[in-house]
Every structure is written in C-alpha cells, then in structure tokens.
Amino acid sequence: IAEDGLNAWLRYAPVPGASGNTFPSAIVALNKTKSSPVYIAGQELQKAASVVVGSLDQYMTATNSKYIPGLEVDGFWLNVKGSSVQIVGQNERGALYGAFEYLSRLAQGNFSDISYISNPSAPIRWTNEWDNLDGSIERGYAGPSIFFKDGYVVDNVTRVAQYARILASIRINGVIINNVNANETLLSDRNVQGLGRLADAMRPYGVKLGISLNFSSPRGFGGLDTFDPVDPAVIAFWGNVTERIYHAVPDMAGYLVKANSEGQPGPLTYNRTLAVGANLFANAVKPHGGIVMFRAFVYDNHINESNWKNDRANAAVDFFKDLDGKFDDNVVVQIKYGPIDFQVREPTSPLFANLLQTNTAIELQITQEYLGQQDHLVYIPPLWKTVLDFDLRVEGKPSKVQDIISGERFKRPLGGYAGVVNVGTNTTWLGSHLAMSNLYAYGRLAWDPTSDPQAILQDWIRLTFGLDPAVLSFITQMSMESWPAYENYTGNLGIQTLTDILYTHFGPNPASQDDNGWGQWTRADHNAIGMDRTVSNGTGFAGQYPPEVAAVYESLETTPDDLLLWFHHVPYTYNLHCRKTVIQYFYDAHYAGAETAQTFPVLWSTLKDKIDAQRYEDVLFRLNFQAGHSIVWRDAINEFYFNKSSIPDAAGRVGNH
Ligand code: GCW
C-alpha cells in the first residue's frame, strides 16, 4: 500500500494472526452528538472493532454501573474481557484517549484481556505552532501553514481536523496555533471568526485552541498610544479582545506570551515587571477558565563577550527568580529545557528550581531547529529524558523536573508540557516520515514521563511500519543511535550544537557562536575552550542551582564530561574522565558520529522489500543526505579546532586535506 503519511501512526493496517481472535461485535457510543469526543471514539472504533465507550457519567447512567474510583481529569479505564470491552473516560476526552489506546493495542497485535486505569502526569499537554498569518512557519520544515494563508485563518479546516485527530491519539489537549512572535492582526474580526472555525474542527478531538499575543497590540491594533499593562485603557482593550475571542471560542485554552525577548515588546518597556505583564492577561481570561502561558525565554541579545562574567544562560533566573509568588494562579511560566536554546545537550534549566510558588511547564522542541531540520534522523526523547529525570534537589529533597512541572513537588494547581511542533501542509506533517517518532513520543512522555523512550519508539514503529521484526529492530537501532551520533558530529562535551546561529541554524559554523551579542559563546581561542560558569571564577551560572547540584558543576572533577565545556573553560589538552584530551575527544567523536550516520542508509536498504516504495525512497533520500552531511560536519568542526589549537590528531586524520 502506498502510504502518504497523513494518517501518521493511525493506519489500522491488517494485523497478522488477528483472525483467530474474538472481536466485540457491537459498538455502543454513549453520546450520539457528532461534535462530541465520545462520538468520534465510536467512529474510530468502528474502523477496527466493537465496544462500549463513554464518559464516566454516561457509563454509570447507561449501564447502571457503580462509580469507578481512581480516574483523574482526562484519564480513562480500559477493560477488555474477551469480546466485551468497556472504555470509560473521566470525561469525554478521556473516553477518546481510551479508544485510541485500545486501537493501538489491537494494531500492535495485542489481543489479551486487560483492565487498567491510566491518568495523565499533568493537566497541560499542549503544542505550540510557530505559524505566521501569511502562511509561513518560523522554524517549520514541512511546507506552509495548515492554519493560515495570506493574512487570514484558512477556510478549509480538513487538515486541522486531521491534525487534531493525531494529537488526540497521543493525548495532547491544546494547541497554540500562531507564532510566539505574534502578529496583532490575528485579533481582526475576520480572524477571530476564523478562530471559531478552527476550534470547531478540533473540539470533537478534545483539543482546545489557544493563541499567542503580541504585547503591543493595544497600540499596534487598538489605536491607543500606549501598551502599558497598568493603563486602564490597555486593561479595557485586553478585556474586550478576550470577550470577543471567547464569544467565538467559548472553550479557548488561553494565551501564550513572549515578551521582552528578541525584540518583542513587553512590560519592561514601561518599567513594569514581567509578572504584572502576565497577570494582565490572566485577569482577562480568568472568568472564562483560561490559562496564560508566559515564556521564560527572556534575555538580552546584545551582550558583550569581552566581559568574562556576562552570560545569557543567567537570564531566565535573573529575570524570574524574584517574581516567584507574584504570578496569578492561572499563569504558567513556560521554560525551555535548557538555559540557552534547544541545543543538542544542555544542563537542565535552573529556573525549575527557583520557582516554588509559581506554576511551571517545560518547553520542548519537536521541530528540529538546531537538530538537522528533519533532514537528519535525530530521535530526541533520550535528550528530553535527561532533563525530565534530572533531580534538582531543591531544599535537599528529591525534585525531579517531571515532578515539578506536574505540580506535585511544590503542590501547584497547574503545570505541564509545551512542545513546539510546527507541522505543515506536507503530507508527512513534519516533512520526514521518521521525524514523526518525535511527535508521537512527545505526547506519550507528556502523559507519562516515566515511560521508556525506546519502548515508546517501538510502539510508534509497529503502528507506523507494521510488525516485521527486522523493521522493528533496525529502525530502533538507527533511532536510538541517532541523538548520540548527532551530538558527536555536531558539538560535544557541552559546547552546544556548533551550527550556524546567525542565519540558518543549519550546517556547521563554529565561528558563528562567538564575537556577537547572542551569547551562545564557546570562548574558543588558541589554547582553551568553554564557558567558565563557575561561581568562583566565572559567570556564576552554576550557583543558580540548589547547593548539591551547584557543587557538582562548580568543580572540574565532578562535572560530567558531556557538560564539561558548558561549565568550564579548559585547555585543549585537559584530560577528561574518559582519559582523552578535550581536543582528541573532539576529533574522535566527530569521526565516530559520522561513521554511525554512514550505517543508517545501509541498515535502511535492508528493509527495501518490507516497506512501501514511497516511504522507503523518501527516507532513503534523507538518510543518504545525512550520511554525507555528517562528513561535512565532521571535517568542518575538526579542521576548525585543529586550526585554532594546532594540535594534531593522534590518529593522523585531521589537517591533511
Ligand atoms: O530558538 C529561537 C528561534 C526563534 C524563536 C525563538 C523563540 C520563535 O531561533 O526562531 O522564535 O527561539 O523560542 O522565541
């Protein structure tokens, strides 16, 4: 079968051996309204099997059953006993999640009896789409927007509904549909009406719509001469806008705000704090049950490298720490996983350990901005796990990031996950078939961050490519090797991705990191490399962590090799824990990473007869590109540091071209 990718992992392909198993013979969906998630659940099940599905209330009424304890908001109970199947959600959204869970088991050839409850780790499981109103997508690699065209919301919402279906199957419950670098004309009457249309398309899938706002809209759009967040006219403007939007979208999820960052307007212009800015919107949406996601990605992009103590990584804690407790209860501070910007490896953002009376969410990036832009296979969840599992030891107690953002650690009412996805109109959604494992795993991890990235990956492989053992084993191998390989041939030891940071964020350009105000510095000179972020002699960044963690990073001896150059400025000849020198590690890792990438197309070609031609060719093309580009990376980076350091490669490979 040709497979264009629109159904992603929801293919319901025939499963070998399925015929001997008993399927239920009738489907009873307990809500017949076509716009209800339970109705959709019934429809989905119809495509594969037969069952009773409904929310807890509907189930108790219709079947005279007792209350099912243990179900939390959006959670579900799945009960399979032979041909009798019950799927009961705490709410209708949960019922749909349970239906997709059941179908996922069937599609993977799992027909066994089971009974269990599954609840989400956190209430906020959203995507962010950086779509512009003209239809372009910032850092999008899969064609133009499915939401906007030529300045307006699209008329045809077919793709939007299809996207919502995919998101529901991984239990995503909200989408911010426009770029955080927001255009205020989204607030026009025509566009607000359009928002209603988009929300209607997504609602049956339990996916709520939210939007990014431009902080200066009162001036740029409202005709006021100010956007000062305490000005009564400004407050009235936002109240008004919010009423109009909720009129069109009664269940709107809320607002996302990027303020005072990378040239965006914000409250600091008027000497108001970021909390005052966030609460302005929080007040407006509160009566409607809305949430404000306020981004912590606030920093000055004109800092001076000649000052040894300057450090962009310090910005988030510097800006937000003193505001802890000042945000309204329906504000969530949205924090990128690392202190800089979606690099191939970063330490966990210390801001998670500095906001004890504030709701927080983690921002992850599915779109591979710095990670090869979907032209390289990079399965990212193992990187995300380094952060979600990281124990920040706040007040000397276990404080994993996953337990902070779930709200559990500091007893917060809200929190969760925001994933920057940037799907486009390309029929593969992300521009690459294999990149979809990242989206799939994002949803699964947001639901349950304790799950194993490899197990999630294998569910995705079976659902996407079928149950053949060779397919399973080779795609698993390539995917699991892909992040370490990419780290090896781009930037290792915590130096960052070493891609071009000034324009494309694609391909090697280690020189672009330094001598500019962006602050993604490496401080590489002829003798030494790395940012000294110690308290004793550097930027003090290490001191933003709670004492136990700070002590680990402060000392050269205890800093792990993979973050060495993030925290320390050392000679190229410095000996790592692994006993190599820094420079020899660079040379070897770049060779090793590129060598691994050479194996990907070879492994893939062995699957030629097991995968439809269209997907086979498409993936092969990309893997061949990656194999070649990894050599470009390897040589560019190695030659660059050979020229800087003049230290020869012990294996004689570098400097001989
Ligand atoms: O990673 C950087 C990107 C910008 C992006 C910004 C942000 C939407 O290069 O394109 O802007 O981060 O996250 O706000």
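Per-structure values
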{"item": "Chain lengthening between residue 577 and residue 283 when straightened (0.36 nm per residue, less Cα-Cα)", "result": "100.6 nm"}
{"item": "Dipole magnitude of the chain, debye to nearest 20 (Cβ charges: Lys/Arg +1, Asp/Glu -1, about Cα centre)", "result": "1560"}
{"item": "Options 246, 61, 335, ranked by Cα towards positive dipole end of the chain, top entry (Cβ charges)", "result": "61"}
{"item": "Cross-link partners of residue 644 among lysines (Cα-Cα below 20 Å; sequence separation of 8 or more within a chain)", "result": "580"}
{"item": "Modelled FRET efficiency - R0 51 Å, residue 470 with residue 190, Cβ distances, 0.05 increments", "result": "0.45"}
{"item": "Order of 409, 615 under a 10 Å beta carbon neighbour criterion, fewest first", "result": "615, 409"}
{"item": "Additional length obtainable on full extension of the chain from residue 34 to residue 427, 0.36 nm per residue less Cα span", "result": "138.9 nm"}
{"item": "30 Å Cα-Cα reach of residue 610 towards lysines, excluding residues that sit fewer than 8 places from it in its own chain", "result": "47"}
{"item": "Selection from 282, 123, 614, by position along the positive dipole direction of the chain (Cβ)", "result": "123"}
{"item": "For the chain: relative contact order, % (alpha-carbon pairs under 8 angstrom, 6 or more apart)", "result": "12"}
{"item": "Ordering of 196-207, 62-73, 279-290 by packing [mean C-beta count within 10 Å, highest first]", "result": "196-207, 279-290, 62-73"}
{"item": "Per residue convex hull volume, Cα atoms of segment 508-651, in Å³", "result": "161"}
{"item": "The chain - Debye-derived log10 I(q)/I(0), Cα point model, q = 0.05, 0.09, 0.10 Å⁻¹", "result": "-0.23, -0.77, -0.96"}
{"item": "Principal axes of segment 266-372: Cα extent on each, largest first, Å", "result": "46, 33, 23"}
{"item": "Interatomic Cα distance distribution for segment 18-118, bins of 5 angstrom, percent", "result": "3, 15, 27, 27, 17, 8, 2, 0"}
{"item": "Pairwise FRET efficiency - residue 138 versus residue 324, Cβ, R0 = 30 Å, nearest 0.05", "result": "0.50"}
{"item": "Intensity falloff of segment 155-234 expressed as log10 I(q)/I(0), Debye formula with alpha-carbon point scatterers, at q = 0.13, 0.15, 0.23, 0.24 Å⁻¹", "result": "-0.49, -0.61, -1.02, -1.07"}
{"item": "Derived scalar couplings ³J(HN,Hα) [segment 60-73; Karplus, 6.51 cos²θ - 1.76 cosθ + 1.60; whole Hz; x for Gly, Pro]", "result": "5, 5, 6, 10, 6, 8, 7, 4, 9, x, x, 7, 10, 3"}
{"item": "Residue 307 paired with residue 411, simple spin-label distance in nm, labels 7 Å along Cα-to-beta-carbon", "result": "4.0"}
{"item": "Between segment 526-579 and segment 59-82, the alpha-carbon center distance in angstrom", "result": "52"}
{"item": "Cross-link reach list, aspartates and glutamates versus residue 286, counting only Cα pairs under 17 Å and skipping chain neighbours closer than eight places", "result": "243, 251, 328, 329"}
{"item": "Beta bridge orientation in the chain: antiparallel %, DSSP, nearest 5", "result": "30"}
{"item": "Estimated inter-spin distance, residue 502 and residue 454, nm [label 7 Å along Cα→Cβ]", "result": "4.3"}
{"item": "Over 23 Å between alpha carbons, listed pairs 66/411; 258/326; 32/208; 336/385; 34/208", "result": "66/411"}
{"item": "In sequence order, calculated HN-Hα J values of segment 247-254 (Karplus, 6.51, -1.76, 1.60; Hz; x Gly/Pro)", "result": "5, 7, 10, x, 10, 4, 5, x"}
{"item": "Label point 7 Å beyond Cα of residue 269 along Cβ direction - residues of segment 191-225 with amide nitrogen under 16 Å", "result": "213-225"}
{"item": "Furthest towards positive pole of dipole, 185, 216, 236, structure part segment 168-263, Cβ charges", "result": "185"}
{"item": "Label-to-label distance, nm, for residues given as residue 197 and residue 609 (7 Å Cα→Cβ offset)", "result": "5.0"}
{"item": "Additional length obtainable on full extension of the chain from residue 357 to residue 262, 0.36 nm per residue less Cα span", "result": "31.5 nm"}
{"item": "For segment 454-470, Karplus couplings with θ = phi - 60° (6.51, -1.76, 1.60), whole Hz, Gly/Pro x", "result": "6, 5, 4, 4, 5, 4, 4, 5, 4, 5, 8, 10, x, 9, 4, x, 5"}
{"item": "Residue order, fewest to most surrounding Cβ atoms within 10 angstrom, among 523, 412", "result": "523, 412"}
{"item": "Ranked list, fewest to most other Cβ atoms within 10 Å of each Cβ, for 293, 60", "result": "60, 293"}
{"item": "Beta bridge orientation in segment 124-452: antiparallel %, DSSP, nearest 5", "result": "10"}
{"item": "Amide H within-cut-off set for residue 332, under 5 Å, with H built and near neighbours excluded", "result": "292, 293, 294"}
{"item": "Mean shadow area of segment 124-452 over all directions, Cα convex hull, nm²", "result": "16.2"}
{"item": "Volume of the Cα convex hull of segment 73-176, divided per residue and given in Å³", "result": "127"}
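Every read-out reported here was derived from the displayed coordinates using simple, explicitly stated rules and does not represent laboratory data. Quick caveat: nothing in here was measured; it's all calculated off a predicted structure. A quick note on method: Cβ atoms are made from the backbone with ideal geometry, for glycine too, and the neighbour counts reach across all protein chains shown.
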